[in-house]
Amino acid sequence: MRLKQIFLLVALVFAISPAARADSLFFEDEPVQDGLRVFDMSKTFAEIYQKLDGVKWAGKNINVAIESLENLSADAHIAATDNRVVLVWRDSIIANYPRPSAGDWNGFGEITTALILKLRENDSDLHRATPSEMYQMVVDALTHGIDENGRYIYSRVAEINEDGRILTSVGLTGARDARGNWRVHGVFKGAPADTAGIREGDLVAEINGTPVAKMSDDDIESFLAGFNSGTSKVKLLTPSGARDVVLRRATIVLADADVVHRAGIGAGESDVLEIVVHNVSDNSVAIVNEALAAYDNLGGIVLDLRASSGDDERAAAKLAGLFIGARPVMRILETARDQVEVVPGGRAVTDVPVVVLISDQTRGTAEAIASAFYEYNRGVLVGTPTAGSARIATRLDLSDGGALELLNKSIKTGTGRDIDGRGIFPIVCLSNIRSSAQQNAFFLNVINDDFNARDFNQEPDTDVSAIRSGCPVITSGSDEDALAAAVSAKILTDKKIYNILIEK
């Protein structure tokens, strides 16, 4: 056993001993110590502990949160028991505090601040951190200790209001290509990128002189949607050649859902309603409900969930309920609590045939909506497998303007199947029928009752990676859109094809 592990064990024994020596805490009538406002900081940490206790510590406990502070430094080890909190630096005990009693959040806030001061004394990198940086690192460590997928939101990237989402963004969507460049898939109308003439298909090769291929995904995300109106110099590769543009992030309002009504062309042809859901919310429910009420000559509906997500399970239940009625949409399994079944209220407002488009960007409650269409034979799933990130975030707003976000709720389908970590799989995989010849052959097999594709939603033991490799992501946004439109139109205009696929 390594020496530092031995010391940690000794520390634990020492910590629970009634005769153990107790170091004094930081407070000695000095509001600022080592550049930190210790009283203010400890009050903030007290609030965080109280908030985490309100969600039952996501199935863990306060000792786990305190011990997670050791992740601030590779040389630190923290042991917390019901009686003591001990900090070991390398091979030496440098702090030994009595643990506050349960519910003494101010005491836990003070202990946390005292540990931070001790760590800063011994770690030069932590000592150089500004108060703001130090605070963010500590809150991140506490949050990750409780939920590895949790995060501390320093500022709001998006605000929700009655009209939609407000983003501070350059107005681009896209993804990396095979060479590591970032290809533009979409441009928000009126956004800075639109004004600069950036178009779908352009490649972002450099940002502020750094090749995109060498940038992390987080760095690219910061450029796309930061917390302020900063500017960036971007090198573009376009069909007409390379050019440089300067983009300044600006406020953009996005609706939670968009609706396009396409009237039938020929005599007797029915209309088609295309509904694109960006964010599953009460606002998107209202938009969809209004659209369904406005058009009564519909022959089909395309519900596009390919870039949809959401954390509001009630809104998801309402949205699905417009199509499936009062049946279970999902079951929520909250860490440290009982399983809760969520059922949409009201009745279905339409029985029109539906094609549901899904992709690897379909996540959260949108995956539950897709599963409801599948389980109740209410729509044909078309696209590629969903993200398998069927979790719901609990947001804990803090008085400093930030928030803690814990992904402490996992989603099961309405009938109880696991989808978190697996996803929902399409009945019609778009990436396998990309050419006209492949589409014609596919639909001919369907019509001739020779459609033998496996339904992986019914095979929980099949390896997910193997399923995904057999139905890969389509990297070109324009190709995917054109393909989805063609396949959806074929399914909705041929009742025999639709009925066969809906039963699969």
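Some notes on this structure:
- Test result for residue 484, touching a Leu at 6+ places or on another chain (Cβ under 6 Å), part of a helix (DSSP H, G or I) and touching a residue at least 12 places away in the same chain (Cβ under 8 Å): yes
- Annotation note: Cβ proximity below 8 Å between a residue of segment 420-438 that is polar (S, T, N, Q) and a residue that is not in a helix (DSSP H, G or I) (sequence gap 6+ or interchain) occurs for 431/384; 431/471; 431/472; 431/473; 431/474; 432/471.
Yes/no matrix, rows are residues, columns are (1) surrounded by fewer than 19 Cβ atoms within 10 Å (Cβ to Cβ); (2) over 22 Å from the mean Cα position of the chain (by Cα):
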position	(1), (2)
351	yes, yes
354	no, yes
368	no, no
379	no, yes
385	no, no
390	no, no
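- Every pair of residues 6+ apart whose Cβ atoms lie under 7 Å, when the first sits in segment 208-224 and is farther than 15 Å from residue 237 by Cα and β-branched (Val, Ile, Thr) while the second is assigned to a helix (DSSP H, G or I) and modelled with pLDDT of 85 or more: 220/212
- Subset tally (residues that are of a type in the set (Gly, Ala, Ser) and farther than 27 Å from residue 396 by Cα) for segment 30-48: 1
- The requirement of being modelled with pLDDT under 75 and crowded, with 18+ Cβ neighbours inside 10 Å is satisfied by residue 167.
- Positions within segment 349-366 being in a loop (DSSP other than H, G, I, E, B), in contact with a helix residue (DSSP H, G or I) (Cβ under 6 Å, 6 or more places away or on another chain) and of a type in the set (A, V, I, L, M, F, W, C), in sequence order: 349
- Filtered residues of segment 367-383 (kept if in a helix (DSSP H, G or I) and among the small types (Gly, Ala, Ser)): 368, 370, 371, 372
- Residue ID - surrounded by the most Cβ atoms within 10 Å (Cβ to Cβ), chosen from residues in segment 392-404 that are of a type outside the set (S, T, N, Q) and out of contact with any strand residue (DSSP E or B) (no Cβ under 6 Å at 6 or more places or on another chain): 398
- Taken over segment 39-63, residues that are in a helix (DSSP H, G or I) and within 24 Å of the chain's Cα centre (by Cα) amount to 10.
- Within the set 68, 124, 155, the sole residue that is modelled with pLDDT of 90 or more and closer than 30 Å to residue 364 by Cβ turns out to be 68.
- So residue 319, is it under 25 Å from residue 393 (Cα atoms), out of contact with any Phe, Trp or Tyr (no Cβ under 7 Å at 6 or more places or on another chain) and part of a strand (DSSP E or B): no
- Residues in segment 62-109 that are out of contact with any strand residue (DSSP E or B) (no Cβ under 9 Å at 6 or more places or on another chain), exposed (fewer than 15 other Cβ atoms within 10 Å of the Cβ) and either outside the structural domain of residue 49 (by TED's automatic domain parsing) or within 16 Å of residue 126 (Cα to Cα) (or both): 74 alone.
- Only listed residue being surrounded by 15 or more Cβ atoms within 10 Å (Cβ to Cβ), part of a helix (DSSP H, G or I) and in contact (Cβ under 8 Å) with a residue 60 or more places away in the chain, chosen from 474, 467: 467
The values are calculated or read from the model by the stated rules, or taken from the named source; none is laboratory data. Keep in mind that what you see is a predicted model, and the values were worked out from it rather than measured. Cβ atoms come from the backbone with ideal geometry, glycine included; neighbour counts cover every protein chain shown.
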